[in-house]
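Structure first, then comments.
The values are calculated or read from the model by the stated rules, or taken from the named source; none is laboratory data. This structure is a prediction, so every number in the text was calculated from the model and none was measured. Here the Cβ is made from the backbone with ideal geometry for all residues, glycine too, and neighbour counts use every protein chain on show. For the accessible areas, the whole protein counts, side chains as well, though only heavy atoms, and no ligand, DNA or RNA atoms are used. Shrake-Rupley method; radii C 1.70, N 1.55, O 1.52, S 1.80 Å.
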Amino acid sequence: MINTFRRFALGSSLMERALRSSAITSLGFVAYQFLRLLSNLVLTRILFPEAFGLMALISVVMMGLAMFSDVGVSPAIMQSKRGDDRDFLNTAWTIQIIRGACLWVVACLLAYPAALLYNEPQLTLLLPVAALSLLINGFNPTKLETANRHLRAGRVTAIDLGVQIVGLIVAIAAAWLTQSVWALVISGIAAAAVQVVFLQVFLPGPPNRFRWEREAAQELISFGKWIFLSTVCGFFIGQGDKLVIGKYLSLEEFGVYNIGFFLASFPLLMGGLVTSKVLIPIYRESPPRESRENFLRLRKMRLPATAVLIVMLLAVAALGPWLVNLLYDPRYMAAGAVVALLACMQIPQVIVLTYDQAALATGDSKRFFVLALARAILIFGGLIVGLEAYGLIGAMLGLGAAYVLAYPVVIWLARHQGAWDPLHDAIYSILGMIGGGLIVMLHWDSILVLSH
C-alpha cells in the first residue's frame, strides 16, 4: 500500500500523472464548490432573489463576450509542439491582453442595449464595471497553461481555492455594506485581480513579456479560428437556458432557477474541468487510434470516471429537494424540483464527456466545432420548443433531449480519433435511464409544481 501511494504521489508515467492530476483537480473542485455554496448560503440571507437574477443576466452577457471572442489560446498551448517555447507563449499572452481590452470596450457598448432588452436600467452601469474582470483576466500569465500542459495540478488548485476565499470574503463584506447586487460585481473584480497576482507569484516560470512572433501568431490563429466558432456555439450550449429562460421567467423566478442550476450542475462542471485539464495531455501522448493498448488504457480510466459522475448526478437529483429545504429559506423552495429534473437531464452529457478533447489533442479543432454547432442548435431548439409546450419543465426536458440527439455527431468525432467506446456508452445509458426514471417518479409531485 505504501509503495502504491508513493507511485501515485511521485510517479512520472503518463497514467500516474493523469491520475494524480485528476484526483487533485477533483478534490480542488469539491472544495471550490463548497466555498461557492457557503458564499451562496450567506449571500441569499443578506441579499434578495432579484439580485441573483440580475447578476445572472450580467454573467450571461459577460460569458457571451468571453466565448464569442475565444481564440483557443489555452488548448493551443496545451496541444502545440511549441507549447513550452517562450516566443510562442509571449505571443499568446499578448493576444490575450488585446482580447481582454476589446471585451471591456464591447461590454461598455452593449450595456445600454442589454438594459433595454431585459428592461433592467441598472445594467447600464453594472455591466461596464463588472466587465473590468474580463480586462484583468487578459493579464493572466501563461504559466497556468504550462502547468496544465504538464499535468501539474497542485499549485493551480491551491491558487484557485485562494482566489475563491478572497472573493467570498469580499462578497460577504460588500453585501453587508451595500445590501445590493454591487456586492457580487465587486467580488468578481477583486477575484480577477487576485488571480493575476497569485498566478504570477506562486507558479514557477519566467514572467511573460509583450511579443508578436508572426509564426506563433499564425499557428495560434489557425488553430483558434475553429475554437472561436466552437466557443460561440459553446455559449449557446452553456448559457442557452439562461438566455431563453431568463426572458421567459420573472427576475425573482430566474434567480430561483439559478440556485437550482448551481446545485444540479456540480457533477457535470467537475467532470468538464477534469477532462479539459487532463485528457488533452493523455490523448496527445497516448493516442487511442494508434494502438489497442492505448484504447484499453483510456477505457480503464473512462469507466470508473463516468461511474463516479453518474452516481454523483443521481445523488444530487435524489437529494436536491431535501438539500434546498435544508439550506435555503422558503423563497427558494422551488429550486429543489429544478435540481432533481435538471440533474437527470444531464446524464447523457456526462456519458460522452470524455470524447470531445480527443479532437483538440490532435489539433482537429474543425471537428470539435462541428460537434459544438450541432449541440448548440439542438439545445437552443429544445429549450424553445420545450418552453412553448410545457413551460420550465419542458425546457429542461428539451435540454435532455438535445444531449441525446447530439449523440450521432459525438460518435462521428470519437470514431475518427479512435476513441469511441460503445460498450461504455451502452452500460451507462441503461443505468442512467433506470436511475433517472426512478428519481423523476420519486419527485414527480414537486416537479409538477414548476408548471404552475
Qualifying residue in the range 67-88 (condition: modelled with pLDDT of 75 or more, farther than 17 Å from ASN258 by Cβ, open to solvent by 50 Å² or more (accessible area, probe 1.4 Å) and not in a loop (DSSP other than H, G, I, E, B)): yes
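Assigned to a loop (DSSP other than H, G, I, E, B), touching a helix residue (DSSP H, G or I) at 6+ places or on another chain (Cβ under 6 Å) and touching a residue at least 24 places away in the same chain (Cβ under 8 Å), is that true of LEU353? Steps first, please.
Numbers: assigned to a loop (DSSP other than H, G, I, E, B): yes; touching a helix residue (DSSP H, G or I) at 6+ places or on another chain (Cβ under 6 Å): yes; touching a residue at least 24 places away in the same chain (Cβ under 8 Å): yes.
Taking the combined requirement at face value, the residue satisfies it.
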Given (1) under 12 Å from VAL244 (Cα atoms); (2) open to solvent by less than 30 Å² (accessible area, probe 1.4 Å); (3) not β-branched (Val, Ile, Thr), number of the condition ALA376 does not satisfy: (1)
Considering residues of the range 200-220 that are closer than 18 Å to THR146 by Cβ, open to solvent by 60 Å² or more (accessible area, probe 1.4 Å) and outside any loop (DSSP other than H, G, I, E, B) only, the residue modelled with the lowest pLDDT: GLU219
Extreme residue, modelled with the highest pLDDT, among residues of the range 409-452 that are within 30 Å of GLU388 (Cβ to Cβ), touching a Leu at 6+ places or on another chain (Cβ under 9 Å) and not in a helix (DSSP H, G or I): HIS443
Odd one out for ASN140, checked against (1) without any contact (Cβ under 8 Å) to a residue 24 or more places away in the chain; (2) in a loop (DSSP other than H, G, I, E, B): (1)
Leading residue by the ranking (most open to solvent (accessible area, probe 1.4 Å)) among those in the range 121-179 that are closer than 30 Å to LEU220 by Cβ and among the polar types (S, T, N, Q): ASN137
Matching residues in the range 284-295 - criterion: being over 25 Å from the mean Cα position of the chain (by Cα), more than 17 Å from LEU353 (Cα to Cα) and in a helix (DSSP H, G or I): ARG292, GLU293, ASN294
The range 221-274, subset hydroxyl-bearing (Ser, Thr, Tyr) and at pLDDT 80 or above, residue farthest from PRO348 (Cα to Cα): TYR257
